[in-house]
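Notes to accompany the following structure.
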Amino acid sequence: MVRGNLTLLQATAITDRWGTTHYGRLSGLLAAPAHTASALAPFAGAALAVPLGGYGPLFFLLVVPSVAAALIAPWTATDAIRRRTPGL
């Protein structure tokens with residue numbers, strides 16, 4: 001369910017925030033870290049569970065970047081991105 005929602009979200013988030021100009025480039029920039037993380041996640045999760053003492057502490061550790069991402073999301077608005085990156 002999450003993968004399906006992310007597919008739809010990615011398609012609309014790019015055009016909603018940054019417009020349709022350079023859609024392919026922006027889509028690739030957004031997808032690359034997500035696909036890399038999803039490829040490495042099974043190995044990294046298993047490798048981190050042992051030193052952290054199990055999957056409970058690992059899941060708590062994963063909450064931290066998720067909450068941080070949710071808190072900084074409002075600052076990714078279109079105007080802020082265009083001011084910092086003239087080519088967009």
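Laboratory data are not the source of any read-out in this text; all were calculated from the coordinates shown. Please read all numbers here as calculations on a predicted model, not as lab measurements. Methodologically, a virtual Cβ is constructed for each residue, glycine included, from the backbone with ideal geometry; neighbour enumeration extends over all protein chains shown.
The table that follows gives values for the structure above.
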read-out: Gain on full stretching of the segment that runs from Trp75 to Ala47 - 0.36 nm per residue minus C-alpha separation; value: 6.8 nm
read-out: Label-point gap, in nm, between Val63 and Ala39 - each point 7 angstrom along Cα→Cβ; value: 3.1 nm
read-out: Rg to Rh quotient for the range 4-69, alpha carbon positions, Kirkwood Rh; value: 1.11
